[in-house]
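Quick notes on the structure that follows.
The values are calculated or read from the model by the stated rules, or taken from the named source; none is laboratory data. All figures in this text were calculated on a predicted structure; none of them were measured in a lab. A quick note on method: Cβ atoms are made from the backbone with ideal geometry, for glycine too, and the neighbour counts reach across all protein chains shown. Note: areas computed on protein heavy atoms with side chains; ligands, DNA, RNA excluded. Shrake-Rupley method; radii C 1.70, N 1.55, O 1.52, S 1.80 Å.
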Amino acid sequence: STLHGVRAAMRPVPFLEDIVVPPPALPDALRRFQEVLKQQQATAMLFGHAGQGQLHLRPHADPRQPGERQRLEALAEAIYAEVAQVGGTIGGEQGLGLSRSPFFRRLFPELADVFDHIKTVFDPVGLLNPVRLAAAAGASAAFELAPFRRGLDHQARPPADAVESPPPVSPLPVLTWARERLAVESDACNGCGSCRSLEVATRTCPRYRENPREEASPRAKANVMAAVLSGGIDPKALSSEEVRLVADTCFNCHQCRTDCAAGVDIPAIVMELKAAHHAANSIEIDRWLLSRVDTLSALAGRIKPLANWAIANPQSRWILEKTVGVARGRKLPPFTGRRFMKWAARRGITRPSRRSGPRVLYFLDTYARWHDPLLAQAFVGVLERNGIGVFVDPRQVASGMPLVAEGDLDGARRLARKNIRILAEAVRLGYRIVCTEPSTVTCITHDYPLLLDDDELPRVAAATCDAMTFLWELHREGRLRLDFRPVPSRLLYHAPCHSRIGSAAATPAEHLLRLIPGLTLEGVDRGCSGMAGTFGLARENYRTSLRIGLGLVSAMRAGGIEAGATECSACRIQMEQGTTKPAVHPVKVLAKAYGLLEGRSPHGLDGLLTATSGSLTTT
Ligand code: SF4
Ligand code: SF4
């Protein structure tokens, strides 16, 4: 993946992708390939499956340079000739497409005729993939390659009228990176299509899986951006409905950053696309309101009894759906007002901690602040139990993640500026910044550096992590207290997408929960929950969200599971949808195991199964 992730004009290009030779002929084939590469003065990366004799050869090329297409075509011709010599084939697993069909017909004419006959039996009038499959591609058909197809070689092959009409200037980038870096990032997508996988072993891409059209794939976003930057698409199209539809098929889960071998930052590219559209268009009132969910929760908290009655009443939910756009079928968490901040002030943690030793600034998210004060209290309790000083700075504001997801980068920037001042001050005083909401960490570490040009940002980003990562680090350093009481329960653990950015391995939360005696954890991955922040709240996304999260919701319904556990508040809402079983933050389970949460039963989970049950006692 190091080579896949090369950010340079010259990079590995996938197209000699599906060579298969008889395994005993592999050494001979490799020597022959090396000879061809030497003769043609080409460099390539090679990987494969030796047991099956399958090889992926990716020559280094710069698709923007004139002559590269011809150079690669000659290289393919020579390599494929060697494949035929050793008794192999050029399309063993992935089939023949635009980049292989013409060669196949030239190298294996008799076999190509057989393919033609077979295809004609099933497709007599040539409706299926008419320009791609072997039958349609003549021996002299044009050699096609993904990076060339999407217009990256626009500069190499200017259209006849390009001299009179230079490509229009695009308003990009909107983010802090230079235009060249944005271009390099978009070009880093090599078109391999791994992000269109429907395998259960990966999560990328939840939106594409639900609706497998090319526009919904992560690579479509890179392709649109690359085409705009190279002049292949008029930049005016950035404000069009078509581009918005492509950008809107991303709900910011960041799973493509985990699964794309080239590590293309698709969410950042989507931020650019959405921001460009947002800057040129007005926004619907319901989208505007949902992107300010923090303000709505704060206002509703001021009129708690009325707001909580309204979200439980079918008639008022109908009105809410028509005005604010919140799906009436969606279960919503009750509003609790400023309960946590009042508790924190009474406890004296809204002032910098006087404790010596490790200290944490707890960065609150919307859910913990306005809907689940017990979660915030439980986290403070767990930290203090382990001798960590806690500071909840009352000046902090919402992270701005819903604004980023909507493309309102000016609004997100205003919040980011306020927060960064506070966070940077704390980091200078030696605090770690810790959040109980994983997407808040993504917002601070990934989005803020793209929104603001501020020297403090790298230090703040390096000091920020989520609650479970922080506690797991403590454990690895031998500093986490392990005097847990048994919690004899069976939980379904769901790893939220934002906790598995960069690695699909077991999350710190899963490791920590497994330390609790008596607790049985079901941790099989059921994919994305489909909520993605406010996405699953919106009327128009409600059913899509449920379809994406069906695996998880069904797993919650399974017999024997008492409750769900996950760090993400939106995932918890989805896990509770369609079942009466509750879902809790793992921090609450840890607090329970420390004996910090009193409930009806001294051992079971019933004391923390709802946000308002139980009361926190800390020493
Ligand atoms: S974005 Fe998709 S197509 Fe592009 S390199 Fe990554 S996995 Fe391959
Ligand atoms: S961030 Fe998520 S939804 Fe967006 S393209 Fe990547 S995997 Fe798909």
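For Ala183, are the conditions met, namely being open to solvent by less than 40 Å² (accessible area, probe 1.4 Å) and either charged (D, E, K, R) or within 14 Å of ligand 1 (Cβ to nearest atom) (or both)? Answer is no for this residue.
May I ask you to verify whether Leu409 is more than 22 Å from Phe251 (Cβ to Cβ) and in contact (Cβ under 8 Å) with a residue 60 or more places away in the chain?
no
Out of all the residues in the stretch 219-253, which are part of a loop (DSSP other than H, G, I, E, B), of a type in the set (S, T, N, Q) and in contact (Cβ under 8 Å) with a residue 40 or more places away in the chain? Passing the criteria: Ser230, Thr249, Asn252. For the stretch 511-531, filtering for residues that are within 15 Å of the chain's Cα centre (by Cα) and within 21 Å of Glu199 (Cβ to Cβ) leaves 4.
Results for (1) within 16 Å of ligand 2 (Cβ to nearest atom); (2) of a type outside the set (Lys, Arg), shown as yes or no for each residue.
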site: Cys497; (1), (2): yes, yes
site: Ala509; (1), (2): no, yes
site: Leu512; (1), (2): no, yes
site: Leu515; (1), (2): no, yes
site: Leu519; (1), (2): no, yes
site: Ser529; (1), (2): yes, yes
site: Arg539; (1), (2): no, no
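Picking from residues in the stretch 213-237 that are of a type in the set (Val, Ile, Thr) and over 16 Å from Pro267 (Cβ atoms), the one that is nearest to ligand 2 (Cβ to nearest atom) is Val228. Number of residues in the stretch 324-347 that are in a helix (DSSP H, G or I) and open to solvent by less than 20 Å² (accessible area, probe 1.4 Å): the value is 3. One residue alone among Ala188, Ala216, Ala247, Ala237 is within 23 Å of Pro63 (Cβ to Cβ) and open to solvent by less than 20 Å² (accessible area, probe 1.4 Å), and that residue is Ala188.
Among the residues making up the stretch 441-455, a single one is open to solvent by less than 10 Å² (accessible area, probe 1.4 Å) and either among the charged types (D, E, K, R) or over 21 Å from Val264 (Cα atoms) (or both): Asp447. Set side by side, the residues Gln94, Gln34 differ, and just one is open to solvent by 70 Å² or more (accessible area, probe 1.4 Å), in the same structural domain as Asn129 (by TED's automatic domain parsing), out of contact with any helix residue (DSSP H, G or I) (no Cβ under 7 Å at 6 or more places or on another chain) and within 16 Å of ligand 1 (Cβ to nearest atom), which is Gln94.
Evaluating Leu245 against the criteria (1) over 22 Å from Pro496 (Cβ atoms); (2) within 15 Å of ligand 1 (Cβ to nearest atom) leaves one unmet condition, (2). Entry remark, the stretch 253-288: residues being under 17 Å from Gly533 (Cα atoms) and of a type in the set (S, T, N, Q) number 1 in total.
Per-residue answers, yes or no, for (1) assigned by TED's automatic domain parsing to the domain that holds Ala467; (2) modelled with pLDDT of 95 or more; (3) assigned to a loop (DSSP other than H, G, I, E, B):
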site	(1), (2), (3)
Pro517	no, yes, yes
Gly527	no, no, yes
Ala532	no, no, yes
Val553	no, no, no
Met556	no, no, no
Gly578	no, no, yes
Lys588	no, no, no
Pro602	no, no, yes
Thr612	no, no, yes
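Has the stretch 450-458 got any residue that is under 29 Å from Lys581 (Cα atoms), outside any helix (DSSP H, G or I) and not assigned by TED's automatic domain parsing to the domain that holds Val587? No, that holds for no residue. Could you list, in sequence order, the residues of the stretch 198-213 that are surrounded by fewer than 20 Cβ atoms within 10 Å (Cβ to Cβ), within 20 Å of Phe535 (Cα to Cα) and within 14 Å of ligand 1 (Cβ to nearest atom)? The one that is surrounded by fewer than 20 Cβ atoms within 10 Å (Cβ to Cβ), within 20 Å of Phe535 (Cα to Cα) and within 14 Å of ligand 1 (Cβ to nearest atom): Pro212.
Contact list please: Cβ distance under 8 Å, first residue in the stretch 266-290 and in the same structural domain as Arg219 (by TED's automatic domain parsing), second residue β-branched (Val, Ile, Thr) and within 11 Å of ligand 2 (Cβ to nearest atom), pairs at least six apart or on different chains. Correct list of pairs: Leu273/Val246. Residues satisfying the criterion are absent from the stretch 103-121 (criterion: more than 16 Å from Gln40 (Cβ to Cβ), open to solvent by less than 40 Å² (accessible area, probe 1.4 Å) and within 35 Å of the chain's Cα centre (by Cα)). For Arg355, the test of being surrounded by fewer than 17 Cβ atoms within 10 Å (Cβ to Cβ) and closer than 24 Å to Leu590 by Cβ is passed. Applying the criterion of being over 26 Å from the mean Cα position of the chain (by Cα) and aromatic (Phe, Trp, Tyr) to the residues of the stretch 288-320, the residue that is farthest from Pro402 (Cα to Cα) is Trp309. All of (1) away from ligand 2 (no atom under 13 Å from the Cβ); (2) in contact with a Ser or Thr (Cβ under 7 Å, 6 or more places away or on another chain) hold for Gln255 with one exception: (1).
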